[in-house]
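The values are calculated or read from the model by the stated rules, or taken from the named source; none is laboratory data. Computed from a prediction, not measured in an experiment: that's the story for all the values here. Cβ sites come from the backbone with ideal geometry, for glycine too, and all protein chains shown count toward neighbours. Ligands, DNA and RNA are stripped out before the accessible areas are found, and what is left, the full protein with its side chains, is counted by its heavy atoms. Shrake-Rupley method; radii C 1.70, N 1.55, O 1.52, S 1.80 Å.
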Amino acid sequence: MAERSVDVVPLPLDVRAKLAELELELSEGDITQKGYDKKRAKLLAAYIPQCQGVDPSLHKELHLRAAPAPTGKQSRRKECGSRDDRYRSDVHTEAVQAALAKHKEKKMAMPMPSKRRSFAVHAAVDTCTPPETSSASEDENSLRRRSKGQCFTGLSLEQWVNQAMQGTSTTSSSASSASSLGSGPRPGSGPNVIHNPDLRTGGSALADVLAQTHLEQFGAPPDVTTHTAVQTEHARLPAMRSCPKLSRADVMETGNGMPINSRVSSKIQQLLNTLKRPKRPPLKEFFVDDLDELLEVQRPDPNQPRPEGDSSSVVKGDPIAVMAHWPHSLETALQHWASEMPKAACLTTLDTSGRPVHTLTYGKLWRQSLKVSYTLLNKLGTKQEPLLKPGNKVALVYPNTEPGVFMVAFYGCFLAGLVPVPIEVPLTTKDAGSLQTGFLLGSCGVSVSLTSDSCLKGLPKATSGDVVPFKGWPPVTWFVTNSKHLSKPPKDWTSIPRESNGEPAYIEYKSSKEGCMMGVAVSHTAMLTHCQALIQACQYTQGDILINVLDFKRDVGLWHAILTSVMNLLHVICVPYALMKTNPLSWVQKVSLHKAAVACVKSRDMHWAMMSHREQRDISLSSLRMLLVSDGANPWSVSSCDAFINAFQGRGLKPEAICPCATSPEGLTVAIRRPAAESTRTAGRGVLSMYGLSYGVIRADSEEKLSVLTVQDTGKVICGALLCIVKLDGPPHVCQTDEIGEVLLNSRCVASCYYGLPGITKTTFEVFPLNASGSPVSQFPFVRTGLLGFLGPSELLFVVGRVDGLMLVGGRRHSCDDVIATALAVEPVKLVYRGRIAVFPVSVLRDDRIVVVAEQRPEASEDDCFQWMSRVLQAIDSIHQVGVYCLALVPANTLPKCPLGGVYLSDTRQRFLEGSLHPCNILMCPHACVSNLPKPRQKQPVDVGPASVMVGSLVAGKRIAQACGRELVMGDDGDQGSKSTFLSEVLQYRAGTMPDHNLFTLVNNKGAVTATATYLQLHRRAERITTLLLEKGRLNKGEHVALVYPPGVDLVTAFYGCLYAGCVPVTVRPPHPQNLTSTLPTVKMIVEVSKSVCVLTTLNVMKLLKSKESLSGDMVKPWPQILDTDDLPRKRPSQLYRAPTAEMLAYLDFSVSTTGILAGVKMSHAAVGMLCQAVKLQGELYPSRLVALCLDPYCGLGFVLWCLAGVYAGHQSLLIPPMELEGNPGLWLSTVSQYRVRDTFCSYNVMDVCTRGLGSQTEALKARGVNLSCVRSCVVVAEERPRIALTQSFSKLFKDLGLSPRAVSTTFGCRVNVSICLQPQKVGAFVKQGSAGPDPTTVYVDVRALRHDRVRLVEKGSPHSLPLMASGKVMPGVKIIIANSETRGPLGDSHLGEIWVASLHCASGYYTIYGEQSPHTDHFSSQLSVGDTSTVWAKTGYLGFVRRTDLTDASGEPHDALYIVGSLDETLELRGLRYHPIDIETSVQRSHKSIAECAVFTWTNLLVVVVELGGPEQEALDLVPVVTNAVLEEHYLVVGVVVVADPGTVPINSRGEKQRMHLRDGFLADQLDPIYVAYNM
């Protein structure tokens, strides 16, 4: 059996590294016992004689003999060390498991995010990194190496779960790991999901966090959009995009009959279930009528713990013993030892294999330091202008593997009178923190950087060979301090050691919570006194050997290994970080080999060594007098200390050798546990309630409780110092004895200032603590150390955290380290890298919110990650009683790294806020953690409304919000041709009086004229169409005819041909040839709804209508007769039709509203005549005018301008179809310039195409001769709020082409009245030629007041200000009033209400299929409840307000401006307030550069935001938190669902308006094909 005992010491280094990796995998549960034995045997096969034929049991025995299993109490404590980081506690792990078990009982379902398959595959490929580049190889807190034989990929999920549940170990860790693996079905999975009953057996059943919620009964959910189902007179159009049809089995119906996809519905239902739990604290619901929305103030919990102890006192450390032989400075000490003991070893450098490569003696250190000092002062620059002078600051840039070269340079700076500034080695020009490092160097005035040969070779170089400038760095000169680059000083040159004084000796960098890098200056006096205090506290003796694993450039490593060692003739052996990664036991081996008395380590080093100690049997730690734990102030280091003692106590380690310390850059060493015999040793430990700690109160608890924190003392205060604990808030009053506070220190051995920052220096380094009476406790200032703690028995200091690591959430303080420990206690942690997790707060809605970010392993599946994330959220909620705002998993190697491992926290936080973190999985929980939303508003019942008190024209002290245009009488324009009420007669009259007057000119996308029409040509062609309708079509008077034409002259002629025949025309947009499946149903629907008996069209369009697509799907009903107008009969009709009365129907105007409703209105001949006359007067349109139209001619004012106004007024119309701009975005502007057009009309869609397509082509247009100085008015035709941002961008962009900013104006119309406001502007010389109205007025209103239906004007740039532009001058013959849509009472001008209009050119009503009046009859015949109750008004369905401005119109009357806020049907009623989608969408679009477009809607009280991703798919998940943050901050709303989709997902109609209801239907039917859907829990 001798061959079974394998000594692993002589094994090759790579084999030992693989063995250590296998041990780690076994301890983490990443590999089974059988797999471990097999792999270990394979590794050792080449080194065991006669190994052939050895069965696996033999290798298993080998393993057991190398690492005997502990028994009893040792088993539990040893398992404590089997985890891969310092955040480990058995008590805490069991508490987390118990908390998750409680959640298992609640069966709370959480919806899983939906991710497109292509995106998931793409992300998985992106996150896979080669094993040699894995972050695990560079991770400070992880030693795990991935190999090709990953055990997880070799097992099925069921097998792996079964093995995890059954296990091969009986330890508590394995049991907890098995009990926390979920086996519940995936959320949203259908009934065909197969569940394995074997996975849920026994007491170790998995925590079913994602319990499936079966929706068996579907009630009608409350819809806060107040959207009602469309009746027969309104038809809902299909979505614009081509979407796959769902079978009936895939679709279910809600209570109101709306078909929705079961998968989306079930996830939203799960989301609603997660919101049923009341938030803490409950919100007070009452009516808030004022305009100041105050966030809900967190009221203190009456049961919260409060401090009850006496005031704590100031603690005094032991006095520093005065030694006569102590030198007056470190330079003197170095010179003394160099002369007395020149060959004594000072520092030994090890290579990555653990062999010593260089030993620096005190004589060498002195001689080389002299060379460095001489060279720096005399060889850099010139004799007249040396580059460095005493007192200058010098950067020291050295890697962790060259402590000897660093030490020489450090003392060389001392001897030269320079101030060294050690910094980390920048590996790339884009290193995290490079900008802040540059700020530090710039503030210190650094112009020279000292480095080594090897480091200089590794820095990025330019083509010239020089080091490239790093981002944010000042210009620096690089100088190598290796011996061959140094000059030997002359014999007569000496360096005079300086006495200790208050001048800076060195500057140590420190990063603040916000990521700012500050330089902490330590004076010569403080440095010397600190060394003396450490020698006394640590009981150093001359010749002691010190093993240093810490960073020797700063903090504890610098103080002990570089400074104190020289002071007391110590021999330091530096173990580099690279060696620790390959051989974690190396520092223990060096302690044993050199019989070292002191070792400086971190708790992670103790843990790593404990993981590998089983392979070594000849280790003895009996010589170790002091094991200094530099991060012993971290409460989570207790478990590492305990486990290390348990593992190595049998190897000679004395428990009293463990000496944790508390340090900070400002206070240096604050406290340290002294090494002493166990009989005289005083040590303390406490189990504290986390709930009490969150309130800053100390409450002892028992380990049986769920949320406890075990802390150990860090010893007594450092020698020669005074220490006290002060309150965190307000003046620095001394804390009570049972209260947590910040540790303050008064000593000669503290830092002096933040270099170059006098402001924060005063608040940190000059603090005078106050006692209960308010008087200072000392006349000397104290320094804030940034440590949180309290004083325990025997004046021992207990540290529970750091001020920088606190998160103030809801009035309670939580430590980032505590949250990390809770997250890592949730199984299975192997989905993420344990050492690559970051917890930080972000300020949202005036409170800190907790964000957790971790790196996900490439092999982790999405389902497993989601289950782990869900458990983490539940564990943190249970243990800490606080909600997590966001939990994100990012791909491996993507988080910004610190130089020696760990996560660069501030840069990670900045990336999260900017939306550049690129997570691969994310969970947002704003509902759970945001509890300070504004108080909900409850509307009080109002009988009559604000207009109940009438005094003249005042309502409740305000002027009635009303406006009116000039009076309009038919035929008062003085034009003989337009005196008739009927347009058909106007055309006949003008065809006889001015037959050759050109009316229409149509241009194509190349700018060429393709068709023209004069009055006579239009009249003759209309007559031929009349003959076609009467003879071939055999139509009767009053029958409806659908006109399906592309934009052009043919549409106009067909319209008048119908009027001549007595038919009612209905204009319909033709189907798009490339998108028949989605556009053809719209045509079919309008034809059917309008009851058209005939379709007039061209030959090309007729082929599309009769294509096979028209007979598929739901379009089985045949078309009515279709007549081709390309070949018309030459016969003229015997008689042209004239309607008996002007009130008869002239045409039907069908349009799709922004809510997705198809509605047709009836226009009488009288209304058409009055409308044309009003447009003629308002626009000053006469036969001599040329007007360019780039509008869709199918509905609204666009149809009126294209087909009606030109015939009535006689002006020439230049027709530019908007579809032609797709191939030539500059067509409209070049045509306007070519024809010198003065007046032009367009839509927002056209303006947007020009702005986007011609943004970079203005110079090219100018070179082509495009000149827009001729334009006097550019009118945007719209049925929405004016888009100020777009119009301003358009004006600024084409200002160089001569376009005047005053030329752009807007109109407003709606279904009940297509033209309510219209205001063509006149610019420059044109002002004298007419009577244009006043300029459009822009006002700024408080958006918060609008939510309360109030209007409050604010100044430009005010917080929460919203710019609104007037929609033009009220049309002639139009009266407007703002009314309450519920009470029908008039409102004052300070209120927001529905716009009611009274005019002779209003539509006469909605058209229905069955000829019935729709339920919306009152839209056209409403009357006020008070005041003018006789006038009949038409409801526009739009919210707005009227303001009297300081301007006057042409008649000298004051101008009453109308401001449109939004559609009433689209408003969102949330929390009792009224929100307008465009305001939320504006905030969302501003939140991230990759958001191309967005739309919002509500469903079941949830706000859904759909964003179009304009960047790469890896940015998809970045949009979820930035969108949620933006809506919360600006609108105080919680986003329920965030949908990230492709560009073009948001449907937009021809006017450029978003079809939000279509989008809503597509989302519920699961037809959007989103990239990612996040359900914010």
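In table form, for the structure just shown:
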| quantity | calculated |
| --- | --- |
| Percent of beta bridges antiparallel (DSSP, the range 1477-1577, rounded to nearest 5) | 70 percent |
| Per residue Cα convex hull volume in Å³ - calculated over the range 986-1141 | 118 Å³ |
| Normalised convex hull volume, the range 1129-1239, alpha-carbon set, Å³ per residue | 177 Å³ |
| From the C-alpha gyration tensor of the range 434-516, square roots of 5λ in Å | 27, 23, 10 |
| 14 Å beta-carbon shell around residue 401, net charge (K/R +1, D/E -1) | -1 |
| Radius of gyration, Dmax [the range 330-446; alpha carbons; angstrom] | 16.1, 48 |
| Neighbourhood charge, 15 Å Cβ-Cβ cut-off, centred on residue 770 and excluding it, Lys, Arg +1 and Asp, Glu -1 | -2 |
| Over 17 Å [Cα-Cα, the range 998-1057], rounded percent | 45 percent |
| Rounded FRET efficiency, nearest 0.05, which uses the C-beta distance separating residue 1421 from residue 1074 and R0 of 41 Å | 0.40 |
| Ratio Rg/Rh, restricted to the range 538-691 and using Cα atoms, in which Rh is the Kirkwood radius | 0.94 |
| Compactness of the range 1425-1577 as Cα Rg over 2.2 N^0.38 Å, two decimals | 1.29 |
| Alpha-carbon centroid distance for the pair the range 782-823 / the range 1461-1521, whole angstrom | 39 Å |
| Packing-based ranking, highest mean first, of 1281-1289, 1026-1034, 525-533 given that Cβ atoms within 10 Å are counted | 525-533, 1026-1034, 1281-1289 |
| Pairwise centroid distance, computed over Cα atoms, of the range 687-736 with the range 490-542, Å | 30 Å |
| Alpha-carbon Rg with Dmax, taken over the range 731-818, Å | 14.1, 40 |
| Cα centroid of the range 853-904 to Cα centroid of the range 1270-1290, whole Å | 48 Å |
| Local electrostatic count, residue 593, Cβ distance below 15 Å [Lys/Arg +1, Asp/Glu -1] | +4 |
| Heavy atoms of residue 933: accessible area, 1.4 Å probe, square angstrom to 10 | 10 Å² |
| Residue 754 accessible area, 1.4 Å probe, all protein chains in place, Å² to nearest 10 | 10 Å² |
| Residue 453-residue 729 FRET efficiency (beta carbon distance; Förster radius 60 Å; 0.05 resolution) | 0.70 |
